[in-house]
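Down below is the structure, laid out as structure tokens.
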Amino acid sequence: MFEFFNQPEIIKIVVIIGSMTLFFVGLFGLLTQKHLIKIFMSVAIMESGLFLLFIGLIYKQNALAPILTDNQQGFINMNDPVPQAMILTAIVIGMAVLALGVSFAIEYHKLTGKTDIDEITSLRN
Amino acid sequence: MSSVLFIALPLLFGFATPILSRFGKNGVAFTSLAMQLFLLFLAFTLIGDKPYIEIISIAPPLGISFVLNNISLFFVTLFTFLMVAFSIYYLSYRKTDAYKNETKFFILLNMLLASAIGLVLSSDIFNVYVFFEIAGISAYILTAYKKTPSALEAGIKYLLTGSIASIFLVFAIILIYLNIGSLNLAIIAQDFETLPYNLKVFISILFLIGFGFKVEIFPLNFWVSDVYEGSTALVNSLFSGIVVKAYLFAFFHILYLFLPSGEFSTFLIYLGAISMIIAEIVALKQTNLKRVFAYSSLGQVALIFTAFALQSIDAIQGALFIILAHSIAKIVIFLALTTIEKNYKSLDINVLKELNAPFLRVVIVIAMLSLLGIPLFAGFIGKFLVLKAFAVEQIFPILAIIIIASLLEAVYYFKLIGFMFEKGDRKDKIKVDFTHKFIFSLLTFLILLVGITPFVISGFLLDSANVMLDSISYIAMLVKG
Amino acid sequence: MNLKRDISTSTFSGFALSASLILTFLNVLLNNIPTNITRVGDQFLKLNGSEGVANAVTTVVVYFRGFDTLGEIAVLFIASLGIGLMLDSNTRCNLKADSNFMLKTASQLLFPIIILFGIYVMVYGHLSPGGGFQGGVIIASGVLLLLISHKEFEVPHSVITLLETFAGISYVLIGLIGLVVLDKFLGNFLPHNISDMGMLLSGGIIPIIYIIVGIKVGSEMSMITQNLIKRSDDV
């Protein structure tokens with residue numbers, strides 16, 4: 001049974017379904033949660049789902065990590081390094097924006113005591 | 001002189017500011033202004049050069065590069081000029097009302113300038129995402145700068161919508177890299193037609209949602225008026241003058257490259273028209289001056305969006321004229337509102353009835369007439385060219401919608417002008433000091449100059465419009481390296 | 001009852017809408033599973049040897065897409081600035097109870113080892129998995145350990161600002177020197193022979209830039225965690 005799951009197409013289908021589950025869990029949280037920090041956490045979960053999708057789909061079977069060690073002659077049969085660089089950048093940027101958002105929420109709570117997004121309506125929409 | 005200096009110098013200044021602040025706050029302010037003046041001078045010397053590519057580390061199409069052609073140069077010159085005008089205004093504003101932690105304010109201003117220029121110059125899609133984020137994060141902090149509850153609320157709303165936008169943009173970039181294999185705009189443009197149809201539509205929708213939050217198109221522009229009301233009028237001038245124009249150009253530049261045959265243009269035109277009408281209707285019943293001008297900005301940006309979506313030469317040239325006129329006029333209006341707020345401490349609409357500032361009244365009236373599109377002011381030729389473009393293409397419903405939206409805008413603008421000039425008790429006279437008078441006079445002189453003699457700049461804008469539509473030579477220039 | 005019918009129609013329509021959204025996404029993704037086409041990364045792997053660096057991911061992050069890394073450093077810098085602006089307070093951290101003796105001793109013992117490990121990951125980033133970001137975060141986690149186990153520990157603000165400024169300026173200056181010397185911003189102007197691959201001093205400017213990135217990330221993350229912890233008693 002495990003050989004069935006080891007084929008590359010099945011692995012990719014499982015990766016897509018799994019990472020889209022994370023994405024939609026985050027989207028559900030974003031739309032229904034009321035507490036500010038929970039909304040920020042949902043955004044972080046959505047981003048994790050996307051990164052998982054990218055890394056999972058770019059993986060080549062039986063290829064090595066793109067680092068040259070003593071046993072290899074050249075950079076052949078290695079995985080793609082560009083998605084790893086892109087995701088590194090995207091993780092840091094996402095984390096920086098989220099940390100800033102949490103600090104806004106902390107300062108807002110200190111000034112007014114509210115964290116419920118339904119109650120933050122002093123500016124008329 | 002290379003075009004990467006436009007981005008590297010503000011970044012260098014931003015990184016070096018904590019040490020520059022040892023030389024006192026005035027040192028930071030004057031160094032920032034000097035650097036921006038140097039960039040403006042550099043932009044003027046580059047006008048007239050042939051388009052060229054600035055290579056970063058490795059030649060395109062493998063690596064990142066910055067393309068400096070007529071249209072990029074137009075935007076770079078516009079942004080640096082507006083930033084210089086803003087800095088000169090702020091230099092005398094800070095004598096009495098300086099912002100706290102001012103060194104951080106200057107860092108954020110320069111990062112905003114660097115990222116807006118980067119959005120316009122870059123030719124690599126992931127690089128566009130990085131600049132998208134830098135501009136976004138500088139704007140979030142500038143919104144929440146004063147740390148009052150309404151400013152923080154505006155900052156939180158802006159940050160949440162911006163994070164959602166960046167998630168959708170990352171999703172689109174991921175799908176593009178997985179299926180096409182390159183991050184360079186030229187290679188993606190060549191291979192984009194070969195994708196299966198449902199994937200093409202999916203990626204386009206993700207792009208539209210991702211950029212749509214920032215380009216302020218209906219229904220994704222619910223955050224704009226709250227953010228403009230929560231932040232100070234000084235910062236609002238930058239948002240409507242520089243930030244939204246950079247996002248507009250980045251979005252349409254990518255759209256023209258990926259979908260050169262205009263497959264979704266009808267949908268985008270109607271989307272822009274609906275945004276325009278709704279913005280003007282909601283503006284009629286606002287009572288806060290910042291919100292009135294925020295909705296007016298939404299209407300004008302929707303007009304620019306509709307014009308760009310048509311993808312014809314006349315429409316694009318008209319859109320560039322409107323961008324020029326709108327940026328200058330909105331900066332004038334918001335800086336005038338800053339002076340009014342400093343003196344009268346309120347920006348309710350009734351404060352105009354008590355306004356006692358003859359110089360500012362004239363300046364605001366000129367800016368508003370230009371936004372309406374009255375002949376002899378700068379906004380006229382832009383609107384005229386856009387209407388002519390739609391008439392030539394025979395899309396009459398949009399023609400009617402633009403005219404109705406302009407009439408609605410005229411209704412509330414003339415109401416405001418009436419408030420400013422009606423007889424009644426006025427408060428104490430506002431004294432506008434010399435630097436502010438200089439900046440306002442310079443900007444209104446430019447509005448009148450472009451309005452009365454548009455041929456000064458129309459040739460340059462026609463060339464820029466041709467360059468923007470000409471995806472084939474852009475792709476050829478990048479693929480060759 | 002009317003209330004029950006209203007709830008069930010709204011949840012039913014919400015259900016139908018979300019189900020159709022999920023099915024659209026999955027349909028598009030599952031029909032277009034990406035195949036093994038030649039992507040830019042494979043071409044980078046072929047070019048990697050000419051830079052003389054053993055870790056291909058490091059070359060891509062620092063050199064081939066170096067401007068994205070510069071932008072990411074700018075984002076982290078601005079975020080740290082914004083958090084310092086928002087959470088500005090002069091209160092010392094008032095943890096409710098002081099930690100016990102074992103925690104204090106153990107954290108003091110572990111702290112230099114963590115810092116050393118972080119520096120190792122940072123400096124050897126071009127030879128083994130690791131690099132500036134990873135090393136900087138490890139250093140910041142060591143600082144976090146000390147911050148939560150000792151009430152009176154504070155990262156000195158002036159030292160952090162100096163490190164951050166120095167790192168930021170040198171990154172842009174290296175890029176500008178590359179512009180002057182090689183006519184390419186962030187060009188590799190130090191010797192990077194392919195025969196040096198695997199040695200510590202290889203790859204030209206690549207290890208230097210990654211160390212600069214590591215210093216910047218480490219100092220900024222320490223600053224962010226300190227700002228967040230100092231305000232932990234308010235919430």
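Readers should treat all values here as calculations from the given coordinates under stated rules, not as data from a laboratory. What you see is a predicted model, and the numbers here were worked out from it, not measured in a lab. Here the Cβ positions follow ideal geometry from the backbone for every residue, glycine too, while neighbour counts run over all protein chains shown.
Observations, loosely collected:
- The GluC sites (Glu not before Pro) of the range B:391-454 meeting both criteria, a DSSP state outside H, G, I, E and B (loop) and at most 14 other C-beta atoms within 10 angstrom of the site's C-beta, are B:Glu422.
- Rounded to the nearest 20, the size of the Cβ-charge dipole of chain A about its Cα centre is 340 debye, with Lys and Arg at +1 and Asp and Glu at -1.
- Scoring B:380-386, A:41-47 by mean Cβ neighbours within 10 Å over their residues and listing the highest first yields B:380-386, A:41-47.
- Relative contact order (%) - the range B:5-480, alpha-carbon pairs under 8 angstrom, separation at least six: 16 percent
- Positive minus negative residues near C:Asn31 (Lys, Arg vs Asp, Glu; Cβ under 13 Å): +1
- Residue (of C:Ile119, C:Leu144, C:Tyr210) at the positive-pole extreme of the range C:34-230, dipole from beta-carbon charges: C:Leu144
- Mean separation of Cα contacts under 8 Å, 6 or more apart, over the residue count of the range B:179-264: relative contact order %: 41 percent
- Overall form of the range B:38-178 per C-alpha gyration tensor (a/c, 1.5; a/b vs b/c): oblate
- The simple Förster model, with R0 at 51 Å and r as the Cβ-Cβ distance, assigns C:Ser99 and B:Ile404 a FRET efficiency of 0.15.
- Check: the range C:34-230 dipole with +1 on Lys, Arg Cβ and -1 on Asp, Glu Cβ, in debye: 300 debye
- Legend: P(r) of the protein assembly as shown from all alpha carbon pair distances, 20 Å bins from 0, whole percents, reading 15, 49, 32, 5, 0.
- Centre-to-centre separation between the Cα atoms of the range B:359-438 and those of the range C:125-153: 56 Å.
- FRET efficiency, B:Val201 to B:Thr287 (Cβ-Cβ, R0 56 Å, nearest 0.05): 0.85
- Across peptide C:123-136, the average count of Cβ atoms from other chains found within 10 Å of a residue's Cβ is 1.
- Of the cross-linked pairs B:Lys342/B:Lys429; B:Lys383/B:Lys423; B:Lys100/B:Lys342; B:Lys25/B:Lys245; B:Lys214/B:Lys285; B:Lys245/C:Lys184, those separated by over 22 Å at the C-alpha level are B:Lys383/B:Lys423; B:Lys25/B:Lys245; B:Lys214/B:Lys285; B:Lys245/C:Lys184.
- Here's the picture: charge each Lys and Arg Cβ at +1 and each Asp and Glu Cβ at -1 in the range A:1-109, and of A:Gln61, A:Phe23, A:Gly74 the one pushed furthest to the positive end of that dipole is A:Phe23.
- With contacts taken as Cα pairs under 8 Å and at least 6 residues apart, chain A reaches a relative contact order of 24 percent.
- Computed from point charges on the beta carbon alone (+1 for Lys and Arg, -1 for Asp and Glu), the dipole magnitude for the range B:336-444 about its Cα centre is near 300 Debye.
- Kyte-Doolittle mean at least 0.5, axial Cα span of 15 Å or more - DSSP H helices of chain C: C:2-31, C:66-86, C:101-123, C:132-149, C:157-182, C:206-230
- Counting DSSP beta bridges with both ends in the protein assembly as shown, the antiparallel % (nearest 5): 85 percent
- Average other protein chain Cβ within 10 Å of Cβ, residues B:179-192: 3
- Between helix B:265-283 and chain B there is an angle of about 10 degrees, using the helix long axis and the longest principal axis of the Cα atoms.
- Net charge, C:Ala54 excluded, C-beta distance under 14 Å - Lys, Arg +1, Asp, Glu -1: -3
- Acute angle (nearest 10 degrees) that the helix B:471-480 long axis makes with the longest principal axis of chain B, alpha-carbon atoms: 60 degrees
- For chain B, the longest principal axis of the Cα atoms and the long axis of helix B:25-46 meet at an angle of about 50 degrees.
- Spherically averaged projected area of the convex hull of Cα atoms, chain C: 21.3 nm².
- Residues B:Val301, C:Val121, ranked from the fewest to the most other C-beta atoms within 10 Å, line up as C:Val121, B:Val301.
- For the pair C:Ser18 and B:Asp348, a Förster radius of 35 Å applied to the C-beta separation gives a FRET efficiency near 0.25, rounded to the nearest 0.05.
- Each of C:Phe44, B:Phe455 was scored by other Cβ atoms within 10 Å of its Cβ. Arranged with the fewest first, they read B:Phe455, C:Phe44.
- Couplings for the range B:300-306, taken from phi via the Karplus curve 6.51 cos²θ - 1.76 cosθ + 1.60 with θ = phi - 60°, read 5, 5, 5, 5, 4, 4, 4 Hz in order; Gly and Pro are left as x.
- Of A:Ile16, A:Ile117, B:Ile403, B:Ile180, the sequence from fewest to most neighbouring Cβ atoms within 10 angstrom is B:Ile403, A:Ile117, A:Ile16, B:Ile180.
- Every helix of 4 or more DSSP H residues in the protein assembly as shown counts as -39500 (n - 2.57), and over all residues that averages to -24500 deg cm²/dmol at 222 nm.
- Environment charge of B:Ala279, counting only residues whose C-beta is closer than 13 Å and scoring Lys/Arg +1, Asp/Glu -1: -1
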